[in-house]
Amino acid sequence: MNYLETVNYLFNIAPVFEHIGASAYKEGLDNTYLLDEHFGHPHRKFKSIHIAGTNGKGSCSHTLAAILQNDGYKVGLYTSPHIMDFRERIKINGECISKEYVIEFVNQEKSLFEKIHPSFFEVTTALAFKYFAEQHVDYAIIEVGLGGRLDCTNIITPILSIITNISFDHTNFLGNTLEKIAKEKAGIIKPNIPVIIGETTNETKPVFKTCAESMNAEIIYADENDEIISFTMNEDGGITYNTRSFGIIQGELGGLYQKKNTNTILHAVRFLYNQHIIKNTGSINNGFYNVCRLTGLIGRWQKIGSNPSVICDTGHNVGGWTYISRQLQVQKYNKLHIVFGMVNDKDVDGVMCLLPKNAHYYFTKPQSKRAIPEKDIQRKAMTHGLAGDCYNDVPSAYTAAKKMATPDDMIFIGGSSYIVSDLLLYIRQQHSK
């Protein structure tokens, strides 16, 4: 099989949550332990940092990877979902796993997969851990796929655990209260391993406190000791932070939500610095300032055009849109155009309550089996006082928005990671012509 055939095999031989939703979710770690034993427990051969949370995992994991990489370490990075290419999920020092490695892995292990029927994420996690071990990474930043307690990344024993925040998402799997969701996320807390909690609420803090105490794990509440004294949004889209422990830091990532992410990251950085893992404070600033270049991160308040300003963001739930909506309110533009679509396991009404009513909408759908048809999105949007037209796909919606917008306008594209994926794939395709 070539690379495309191999990836298609993975998508088809094992259920893929990103493609089909709930029916791909497998509770329990039996297959994970079986695969781990089969490959010789590769996760024990490198040190790791484990990151869970409803929002902010990607920004936190990529920034920490950039900082450690800049400090001279060989750093593995495991995240999900991918935006344009499956290989984005598994990187070392910003370089994606090779196509050849993926092909060889699948060809060698097909008989096992067809015997035990693992999920897509179980296979991908086993691939990542095996690759990191064989490539002798110093540290691996491991992002939880879904939840925490029963997520197949949860076999690792990290040097540090991080839970960014808790809000409502995947409630059919994790529970319909913040306490229940927090309990699932808190499942990554390990005996005697410090844990940083980025953001708490009255409902979630007691859950984290009880779990950490039962594990004799030191717990650090980032929101009770803000590392950021002040911050300024830069014209280039980044953010300048005045921090308590590390002075002035220039952050490449934009968006108001990055302030909370950065506070969480800085607590992790301070821990790693005090443990003499991060040795050079210059690596901290360089990592923040060059996170996209060093790790290949895309889709976080990403500016892809000027005159009109064009921004895309992968925020896809109420927690993410709480900050995106605030950000859109403070942007300068003559008129706001929003290319918008969602998938069917999200709180659509909750998100639409947050959407700006002063925008013209281009309702569309991503190329995903979970996509909500554009006309259904439009009908629901009308009940929230949102007006716009329908388009069959993201490229046609984006093209229409660009045609309608004047140089002083702003175009925002989002609502789902898959909307952003379709957009960036289309742009790359256009540039390659």
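Conditions (1) farther than 20 Å from THR54 by Cβ; (2) open to solvent by less than 40 Å² (accessible area, probe 1.4 Å); (3) part of a helix (DSSP H, G or I); (4) modelled with pLDDT under 95, marked per residue:
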| residue | (1), (2), (3), (4) |
| --- | --- |
| ILE304 | yes, no, no, yes |
| TRP321 | no, yes, yes, yes |
| LYS332 | yes, no, no, yes |
| LYS346 | no, yes, no, yes |
| TYR361 | yes, yes, no, no |
| ALA381 | yes, yes, yes, no |
| ASN392 | yes, no, no, no |
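Scanning region 141-162 for residues that are open to solvent by 10 Å² or more (accessible area, probe 1.4 Å) and among the aliphatic types (A, V, I, L, M) gives LEU146, LEU150, ILE155, ILE159. The sole residue among HIS82, HIS50 that is closer than 21 Å to CYS152 by Cβ, open to solvent by 20 Å² or more (accessible area, probe 1.4 Å) and under 17 Å from the mean Cα position of the chain (by Cα) is HIS82. Looking only at region 108-140, which residues are surrounded by fewer than 14 Cβ atoms within 10 Å (Cβ to Cβ) and either modelled with pLDDT of 95 or more or in a loop (DSSP other than H, G, I, E, B) (or both)? Those that are surrounded by fewer than 14 Cβ atoms within 10 Å (Cβ to Cβ) and either modelled with pLDDT of 95 or more or in a loop (DSSP other than H, G, I, E, B) (or both): GLN108, HIS117, GLU134, HIS136. Here's a check for you: in region 186-224, which residue that is among the polar types (S, T, N, Q) and open to solvent by 70 Å² or more (accessible area, probe 1.4 Å) is nearest to ILE159 (Cα to Cα)? Taking the candidates together, the pick is ASN192.
Go through the residues of region 415-428 one by one and say whether even a single one is open to solvent by 10 Å² or more (accessible area, probe 1.4 Å), without any contact (Cβ under 8 Å) to a residue 40 or more places away in the chain and out of contact with any strand residue (DSSP E or B) (no Cβ under 6 Å at 6 or more places or on another chain). The answer is yes, given that some residue of region 415-428 is open to solvent by 10 Å² or more (accessible area, probe 1.4 Å), without any contact (Cβ under 8 Å) to a residue 40 or more places away in the chain and out of contact with any strand residue (DSSP E or B) (no Cβ under 6 Å at 6 or more places or on another chain).
Each residue in region 282-300 was checked for being touching a Ser or Thr at 6+ places or on another chain (Cβ under 9 Å), surrounded by fewer than 24 Cβ atoms within 10 Å (Cβ to Cβ) and among the polar types (S, T, N, Q), and 0 of them qualify.
Here region 281-332 is the region considered, the condition is being in contact with a strand residue (DSSP E or B) (Cβ under 7 Å, 6 or more places away or on another chain) and small (Gly, Ala, Ser), and the residue that is farthest from ASN70 (Cα to Cα) is SER309.
The values are calculated or read from the model by the stated rules, or taken from the named source; none is laboratory data. Small disclaimer: the values here were computed from a predicted structure and weren't measured. Because the Cβ atoms are built from the backbone with ideal geometry, glycine has one as well, and the counts that use them run over all protein chains shown. Side chains are part of the model used for accessible areas, which takes the heavy atoms of the whole protein and leaves out ligands, DNA and RNA. Shrake-Rupley method; radii C 1.70, N 1.55, O 1.52, S 1.80 Å.
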